[in-house]
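Scroll down for the structure; my scribbles are underneath it.
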Amino acid sequence: MKQYTLSLLLLLLVGLLPMKADNITVDGTSRSYNVIVPKNLGENRPLLIFCHGYNQDANWMQNNEFKNDNVSMEAVCDTAKFVCVFPNGIDKAWDTSGNRDINFIKAIIEKMFTQYNIDLNRVYLGGFSMGGMLTYTAINKLSDVVAAFVSCSGPSTVTPKTGLRPIPLLHIQGTADNFSNVQPALNPWIKHNGCSTTDRVISNYNGFSGAKLHIWGPGNDGVEVRLIELKDKGHWICKERQVYTGKEIWNFCKKYSLNKTTPNVKITSPATGSKHICFAPKDELAFPDITITATADDPNGTVEKVEFYDGTTLLATCTTKPYKATLTTTTTGKHTLKAVATDNDGETSTATVEVTLQAPTSTLTLSTDFKEANALPAGWTTYDSSERRTGYSSGYTSGCRVLQFTGSSKGFNYGLYIRNINGNAHQGWAKYGLSNAGTTLNLAPGHYTLKYKICNWNMSDFGAVELGIEKRTGSTAIASQTYMPNINIGNVASNNFASPQQQTFEFDVTDQGDYVIAVYSAPSGWSDCIIGQLILTVNSYLPTGIRSTRHETNDNRLYDLQGREIDHPTKAGIYIKNGQKILMK
């Protein structure tokens, strides 16, 4: 047993990416989910979506109902190499009669195809309790995109619609459950599939005396209806080693695939969730042109065309490879970019990504994204001299990440923790706006203020923190400031601590371009800091028509852009002399 547990632990450590929490906008509402993706997933691998019960959530489903000491859904995913998604219902419930959550499931499938190139012929759907009820509802609405369905303790009165294809169906149920009488729910599907109404029964299933397997079929197209009956089990997921629900779901579903004839289409660029932030006068916004590229093929014919849309606006129609289009716009907000592939039979498929263009009127509060413990927010990149992390990502239990503070008195609820393991200068940092994090921060010439609250995490003697504004290309610093914290939280998230005093860092931008906000912990071993507040504000822009500057030597009669007299300027920047702006070098 110890050897088995150790092997499993090693498998989880080396085989899986961290569990990722993510979200997607569906019908105007932001919806969230957890996703498990094995390393070395490969191309065209299956997808399983499993929905939680009433008054539960994705974390509970994944970390409680699908885990025990012997096996976990992560291990099943890693062995079989498939993606598993645990969605979150609204208010911990599901819409089992309308299309709200049907559209959510469709959107998850599209996004998983865009991100991980899952096999659209091998998408599977299941759920527990109310999630199982949703699964039955989805059969009549998603049979064209889901190959097989699974309900665990989910009662149903749904019957097959006319013309529905044969449906592979697995139901898992405890005999002590309030909803234990599932035979009436299965009979319509047994009949619809053309299966024999007499079941084949395997007692002591998998050597487990409390389990009995009922099999109806194979019927039309070789499909089966199966029931795993668990003696004296109540309303919960079975996690015994002999009958582990996660393995049973996979072993049933993996036999089935859709005979898909619609084209495959995938947007390869930009990445979904990309954001472009531009500080500039309203009439001078400088959003970049966004090139949209896609791949498309058809399993039983040819792709006739790929159309690209920004929402409902047609951007381009491509009839030959490469499939690409360009979005040129200054319209702020979320843009849903779509690629619609049409094949020679007139069948279509759609791929979508979301891109945000943001133009702050004066202020951007970066710390509002510090709202999920053990995650790294989108737009951020961290490095601790050993590991580089890029947001959005989650599932971290150590290292650079967002921490949630729970003391009865605390300076802030969440903060971004960074550290420097080896102690070398600039080897422990957090940066906002690097290209690999999917966010661009473009600043027009002007005078800016960065407001911040920073403390130390586990440095009783305190450690200085350096803040910098750097060019995105080349990482050249245009301004920097060093701050010595006077609050140390004490290495425990439940400790009480006062709010650090808000600090200000003023700087000038002389050239419009893409910049990075950088925070460095002290150049000493295991130095650290907690960023609790970070707010970027533009105080003034250079008016149009006076951006050309001339070089002057130092002069005592100088003023900064806020009108304050500067006796001896100590840094390069834009100053005012005799009513004119000049550039001091």
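The values are calculated or read from the model by the stated rules, or taken from the named source; none is laboratory data. In this text the structure is predicted, and so the values were computed from the model without any measurement. Neighbour counts run over all protein chains shown; Cβ positions are idealised from the backbone, glycine included. In case anyone asks, the SASA skips ligands and DNA or RNA and just uses the protein heavy atoms, side chains included. Shrake-Rupley method; radii C 1.70, N 1.55, O 1.52, S 1.80 Å.
Things to note:
- In the range 298-403, lysine pairs with alpha-carbon atoms under 16 angstrom apart (chain gap of 8 or more, or interchain): 4
- Pair N424, T361: separation of 7 Å Cα→Cβ label points (nm): 4.7
- Of K92/K141; K191/K266; K111/K255; K81/K239; K106/K161, those spanning more than 31 Å from alpha-carbon to alpha-carbon: K191/K266
- Tilt relative to the chain, helix 100-116 - C-alpha long axis, 0 to 90 degrees, to 10: 70
- Value at 222 nm in deg cm²/dmol, rounded to 500, when DSSP H runs of n ≥ 4 in the chain each add -39,500 (n - 2.57): -4000 deg cm²/dmol
- Tilt relative to the chain, helix 183-192 - C-alpha long axis, 0 to 90 degrees, to 10: 80
- Over the range 46-106, accessible surface divided per residue gives 34 Å², non-protein components excluded, 1.4 Å probe.
- W380 long-range amide H proximity, modeled H, under 5 Å: G391
- If the Kirkwood radius is taken over C-alpha pairs of the chain, then at 4 °C and 1.567 mPa s the Stokes-Einstein diffusion coefficient equals 48 µm²/s.
- Radius 14 Å from Cβ of N220, net charge of other residues (Lys, Arg +1; Asp, Glu -1): 0
- Label-point gap, in nm, between K67 and T473 - each point 7 angstrom along Cα→Cβ: 4.5
- For K410, residues with placed amide H under 5 Å, excluding near neighbours: F497
- As a calculated quantity, the FRET efficiency between Q502 and N458 at R0 = 30 Å, using C-beta atoms, amounts to about 0.85.
- P(r) tail, the range 258-379: Cα-Cα pairs separated by more than 18 Å, 58% of all pairs.
- For the range 78-194: span of alpha carbons on each principal axis (Å, largest first): 40, 34, 33
- Cβ-Cβ distance of T162 and A316, R₀ of 56 Å, FRET efficiency by 1/(1 + (r/R0)^6): the value works out to about 0.90.
- In terms of overall dimensions, the C-alpha atoms belonging to the range 352-434 reach 38, 34, 29 Å along their principal axes, ordered largest to smallest.
- Chain lengthening between E240 and Y483 when straightened (0.36 nm per residue, less Cα-Cα): 82.0 nm
- Computed FRET value (nearest 0.05) for N121 with N99, which takes r as the C-beta separation and R₀ as 25 Å: 0.60
- Projected label points at R388 and K255, each 7 Å from Cα along the beta carbon direction, are separated by 4.7 nanometres.
- In Hz, Karplus ³J(HN,Hα) per residue of the range 379-390 (6.51, -1.76, 1.60; θ = phi - 60°; x = Gly, Pro): x, 9, 10, 10, 8, 10, 6, 10, 10, 9, 10, 10
- Backbone geometry of the range 495-501 corresponds, through the Karplus equation with coefficients 6.51, -1.76 and 1.60 at θ = phi - 60°, to 3J(HN,Hα) couplings of 5, 7, 7, 7, 6, x, 5 Hz, x marking Gly and Pro.
- Per residue, the range 225-345 exposes 48 Å² of solvent-accessible protein surface, assessed with a 1.4 angstrom probe and all protein chains in place.
- Stretching the chain fully between E284 and T406 yields a gain of 39.5 nm (0.36 nm per residue, less the alpha carbon separation).
- Calculated on the alpha-carbon coordinates, the convex hull of the range 405-532 measures out at 105 cubic angstrom per residue.
- Which of F462, F104 is most accessible, then next, and so on - probe 1.4 Å: F462, F104
- Accessible surface of the chain, 1.4 Å probe, proportion on carbon and sulfur as whole %: 46
- Computed from Cα atoms alone, the Kirkwood hydrodynamic radius reported for the range 409-481 is 14.8 Å.
- The mean of 1/r over all distinct Cα pairs in the range 213-262, once inverted, gives the Kirkwood hydrodynamic radius of 12.9 Å.
- Computed log10 I(q)/I(0) for the range 460-511 at 0.14, 0.17 Å⁻¹: -0.54, -0.70, from the Debye equation with unit scatterers placed on every C-alpha and solvent omitted.
- Backbone N atoms of the range 416-438 closer than 19 Å to the 7 Å Cα→Cβ label point of N491 belong to residues 417-423.
- Straightening the chain between T25 and N300 buys 95.8 nm, computed as 0.36 nm per residue apart minus the Cα-Cα spacing.
- Whichever aspartates and glutamates have a C-alpha closer than 16 Å to that of K275, once near sequence neighbours (fewer than 8 apart) are set aside: D22, D289, D310, E354, D369, D514
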